[in-house]
Amino acid sequence: MNPAPTAALDLSPEATAAVLTQALPYIQRFSGATVVVKYGGSALDEAHLTRFAADVVLMHSVGIRPVVVHGGGPQIGEMMARLGLEPTFVDGLRVTDADTLDIARMVLVGRVNRDIVSAINVHGPLAVGVSGEDAGLLQARVRHPGLGFVGTVDAVNTTIIDRLLDEHLIPVVSTIGVDATGQALNINADTVAGTLAGALGAVKALFLTDVEGLYADPDDPSSLISETSAAALEAMIESGELAGGMVPKAEAAVHAVRHGVASAHMVNGTTPHVLLLELFTDAGVGTMVGPDPIPAAPQKQDGRLVGGNPVGPDPIPAVPQKEADL
């Protein structure tokens, strides 16, 4: 199958060369590195998916090892409505009974996953769809009995992802996990992306959303937070400054950088080629979450140690155990 046509750009040869030159150091820096991208929700329409797939293939072509993790909450809700089923929520969490779980598996594994795989494979035989049930990838447990088959990740077995990456393939992961008895569980995609990024030793975790990033004031577009630390973001979560769908992304970003990922990014998935803007240009986009600051070294003053911590830095606090809406 021939690659999908791309929109013509009004660039001179000199401008094209300048763009490639700017991208070169980033290509060299990230070649061979794993990047986890969480994709889904409102960005799953045909136009956005076509651009997204092309960006993922370009990443792959310059040596990056992309892993796509996808959700599909709106698509699950749409299918439930078509079947005449009314969703039930408890404290903002969708109650997932047996019928809802069947719908989630059907939509995530059988529809959304296949759509993303097919869009990538227009450019060549590169993408492989994987469910969290496959090869024990996402080992989970029930989050709360009152929520039904809603899961939380206990452990990640990256064997199948590692093998696909070693074969220069692009894993596309749907977020259905399985417990010790073999029972399937629906898990939030942001949570899975952050956990998987840490387990894979990814250099970046990119969370695509429908806004530019995190705002200090959600009602003020000029208050975009371009950069923050895991500790500062954790404080925003605990204080209630964040709400809605940004909470699971923020929690997942904190988890990722606390587990070895160099940086996590919340970016607008509806922006054309936002992955390339983040990875290969000098202009940062969205909100970058980095590790906690290293405590200042103690200084001697009048023979005494002042400031810092003479016995080493404080232990990194545990990641909060709140769960995200599904």
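Summary of computed values
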| read-out | value |
| --- | --- |
| Pairs, first part of a helix (DSSP H, G or I) in the stretch 229-250, second of a type in the set (K, R) and at pLDDT 90 or above, C-beta under 7 Å, six or more apart | A230/R258 |
| Selection count, the stretch 51-70, where residues are out of contact with any Pro (no Cβ under 8 Å at 6 or more places or on another chain), surrounded by 15 or more Cβ atoms within 10 Å (Cβ to Cβ) and not in a strand (DSSP E or B) | 8 |
| Test: G84 is farther than 15 Å from A189 by Cβ, of a type outside the set (V, I, T) and open to solvent by 40 Å² or more (accessible area, probe 1.4 Å) | yes |
| Flag if A193 is out of contact with any Lys or Arg (no Cβ under 6 Å at 6 or more places or on another chain), hydrophobic (A, V, I, L, M, F, W, C) and either touching a residue at least 60 places away in the same chain (Cβ under 8 Å) or closer than 23 Å to R94 by Cα (or both) | no |
| Per-region count, the stretch 179-207, residues open to solvent by 10 Å² or more (accessible area, probe 1.4 Å) and either assigned to a loop (DSSP other than H, G, I, E, B) or within 17 Å of E278 (Cβ to Cβ) (or both) | 9 |
| Any hit, the stretch 292-304, residues being at pLDDT 70 or above and either part of a strand (DSSP E or B) or under 15 Å from E212 (Cβ atoms) (or both) | no |
| Positions within the stretch 26-50 being open to solvent by 70 Å² or more (accessible area, probe 1.4 Å) and either modelled with pLDDT of 80 or more or of a type in the set (K, R) (or both), in sequence order | Q28, R29 |
| Where a residue in the stretch 93-120 is farther than 21 Å from H60 by Cα and its partner, wherever it lies, is of a type in the set (F, W, Y), with Cβ under 7 Å and at least six apart | V95/F89; T96/F149; L101/F149 |
| Selection status of V150, over 18 Å from R65 (Cα atoms), in contact with a strand residue (DSSP E or B) (Cβ under 9 Å, 6 or more places away or on another chain) and open to solvent by 20 Å² or more (accessible area, probe 1.4 Å) | no |
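Yes/no matrix, rows are residues, columns are (1) modelled with pLDDT under 95; (2) of a type in the set (K, R); (3) open to solvent by 20 Å² or more (accessible area, probe 1.4 Å):
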position	(1), (2), (3)
E78	yes, no, yes
P125	no, no, yes
V130	no, no, no
D154	yes, no, yes
I161	no, no, no
I170	no, no, no
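The values are calculated or read from the model by the stated rules, or taken from the named source; none is laboratory data. Model, not experiment: these values are computed from the prediction. Quick reminder, even Gly has a Cβ in these numbers, built from the backbone with ideal geometry, and neighbours come from all protein chains shown. Remember, those area values only see protein heavy atoms, side chains included, never the ligands or the DNA or RNA. Shrake-Rupley method; radii C 1.70, N 1.55, O 1.52, S 1.80 Å.
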